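Participant: I am attaching a structure below and will ask some questions about it afterwards.
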Amino acid sequence: MRLGVLDVGSNTVHLLVVDAHRGGHPDPMYSEKTDLRLAEHLEAGRLSEAAVGRLANAVRRAKAAAAAAGCDEFLAFATSALRDAGNSGAVLSRVCAETGVGLQTLSGEDEARYTFLAVRRWYGWSAGRMLVLDIGGGSLELAAGRDEDPDVALSLPLGAGRLTRERLTSDPPARGELKALTEHLDAALAPIARQMRQAGPFDVAVATSKTFRSLARLAGAAPSSAGPRAPRLLTDIGLRQVYGFITRMASADLAALEGVSPGRAHQLVAGALVARAAMRALDVRELQICPWALREGVILRRLDTLGVPTASHRPWPLTDRQDRRAVGRAPSDRP
């Protein structure tokens, strides 16, 4: 079957179309992104009218692109930017009314679980017990375990975009800002690290997300042109060296570096700080970079449910732990 998956994140609205079947490797067929930076358009904790209008337009275009690509099914979800907005319900309802697409908001824990599933499938059982880190625009997800469902799955409001807006106001950041953010991260991650360690030791540490890929590329990892199966690592030494020079550069100069997205360049320093703090707190010396993350996790979970009836009869359930109420469901989707 051909699946279209729409990921409405803090930075981008990303459509991924894959050909896949249960038990098979999803083959990407088409991908498109719209840079909305939704999280930067919060006014008193609510998404602005202009941002909601742009979101509806982006969703409408993605739906049309998925239809043109011949998708049998279209799955659409939203993460921290919409999850945390004070007017989230109204935004979802408006998008549904204007586009016919019912976005499902994922909890931070579910983000961590879906991402962990994708990483587990990529590396297989031979990887043993895994630790998985994912730095997004609004949150940091952490998960650990030896099975496909992690023993621990956590989400913290430590995304690169969020921290840039809240704590790094200079460009490049002032030394005092960097020191204050480092202390904030160390304090926030200390109890989380204790919780992760109590769950047991891990055999391999893995990172996903554009932030980690950019940092790894700047530290000398293979470029994207080498393909998704090229091994990529980010070491603590390499990250320290990258951090040393990016903190002295303005975001406009960072945007010119290979491997850095212009739309996310201003968030790179905050992302590096989060990565350093997480590796330090968890005593990680090396991270393997996985090309699969949240979107692939959603796809794999959906494929797992093909032909398996669910209590709610939804086309793609979230998790057994989560209330499956559809938010902003299109009229045609109502039972």
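Participant: Against the conditions (1) free of Cβ contacts under 8 Å to residues at least 24 places away in the same chain; (2) under 28 Å from VAL152 (Cβ atoms); (3) in contact with a Ser or Thr (Cβ under 9 Å, 6 or more places away or on another chain), where does ARG83 fall short? Just the number, please.
Facilitator: (1)
Participant: Looking only at residues in segment 45-60 that are of a type in the set (D, E, K, R) and closer than 15 Å to THR34 by Cβ, which one is surrounded by the fewest Cβ atoms within 10 Å (Cβ to Cβ)?
Facilitator: Taking segment 45-60 first, the residues of a type in the set (D, E, K, R) are 46, 49, 54, 60.
Checking which are closer than 15 Å to THR34 by Cβ leaves us with 54, 60.
Values: ARG54: 18, ARG60: 15.
So, considering only residues that are of a type in the set (D, E, K, R) and closer than 15 Å to THR34 by Cβ, the one surrounded by the fewest Cβ atoms within 10 Å (Cβ to Cβ) is ARG60.
Participant: Then there is this: Go through segment 258-271 and give me each residue that's open to solvent by less than 20 Å² (accessible area, probe 1.4 Å) and either out of contact with any Ser or Thr (no Cβ under 8 Å at 6 or more places or on another chain) or β-branched (Val, Ile, Thr) (or both). Before you say what the answer is, go through the steps one by one.
Facilitator: Of segment 258-271, the ones open to solvent by less than 20 Å² (accessible area, probe 1.4 Å) are 260, 263, 265, 267-271.
Scanning segment 258-271 gives VAL260, VAL269.
Participant: Further question: Among (1) without any contact (Cβ under 8 Å) to a residue 60 or more places away in the chain; (2) assigned to a loop (DSSP other than H, G, I, E, B); (3) not small (Gly, Ala, Ser), there is one condition PRO228 misses while meeting the rest; what is its number?
Facilitator: Every listed condition holds for PRO228 apart from (1).
Participant: Something else about it: Go through segment 238-312 and tell me which helices (runs of 4 or more DSSP H), entirely inside it, have 2 or more residues that are at pLDDT 95 or above, of a type outside the set (Phe, Trp, Tyr) and touching an Asp or Glu at 6+ places or on another chain (Cβ under 7 Å). Even if it seems obvious, please write down each step before you answer.
Facilitator: On the way: elements: 251-254, 268-281, 294-304.
Helices (runs of 4 or more DSSP H) meeting the threshold: 268-281, 294-304.
Participant: Of everything in segment 1-40, what is open to solvent by less than 60 Å² (accessible area, probe 1.4 Å) and part of a helix (DSSP H, G or I)? Give them in sequence order.
Facilitator: LEU38, ALA39
Participant: Restricting the search to segment 41-60, which residues are part of a strand (DSSP E or B) and either in contact with a Cys (Cβ under 6 Å, 6 or more places away or on another chain) or under 16 Å from GLY159 (Cα atoms) (or both)?
Facilitator: Just the residues of segment 41-60 that are part of a strand (DSSP E or B), to begin with: 42-43, 46-47.
Across segment 41-60, the qualifying residue is only LEU42.
Participant: Looking only at segment 313-335, which residues are of a type in the set (D, E, K, R) and either modelled with pLDDT of 85 or more or not in a loop (DSSP other than H, G, I, E, B) (or both)? Before you say what the answer is, go through the steps one by one.
Facilitator: The initial filter retains those residues of segment 313-335 that are of a type in the set (D, E, K, R), namely 314, 320-321, 323-325, 329, 333-334.
The one that is of a type in the set (D, E, K, R) and either modelled with pLDDT of 85 or more or not in a loop (DSSP other than H, G, I, E, B) (or both): ASP333.
Participant: Can you tell me how many residues within segment 61-117 are among the β-branched types (Val, Ile, Thr), open to solvent by less than 30 Å² (accessible area, probe 1.4 Å) and outside any helix (DSSP H, G or I)?
Facilitator: So in segment 61-117, the residues among the β-branched types (Val, Ile, Thr) come out as 79, 91, 95, 99, 101, 105, 115.
If we keep only those that are open to solvent by less than 30 Å² (accessible area, probe 1.4 Å) as well, we get 79, 91, 95, 99, 101, 115.
Now drop any that are not outside any helix (DSSP H, G or I), which leaves 79, 101.
Counting residues in segment 61-117 that are among the β-branched types (Val, Ile, Thr), open to solvent by less than 30 Å² (accessible area, probe 1.4 Å) and outside any helix (DSSP H, G or I) gives 2.
Participant: Among (1) β-branched (Val, Ile, Thr); (2) open to solvent by 10 Å² or more (accessible area, probe 1.4 Å); (3) in contact with a Phe, Trp or Tyr (Cβ under 9 Å, 6 or more places away or on another chain), there is one condition THR247 misses while meeting the rest; what is its number?
Facilitator: (3)
The values are calculated or read from the model by the stated rules, or taken from the named source; none is laboratory data. In this text the structure is predicted, and so the values were computed from the model without any measurement. Cβ atoms come from the backbone with ideal geometry, glycine included; neighbour counts cover every protein chain shown. When the accessible area is computed, the model is the full protein with side chains, heavy atoms only, and any ligands, DNA or RNA have been set aside. Shrake-Rupley method; radii C 1.70, N 1.55, O 1.52, S 1.80 Å.
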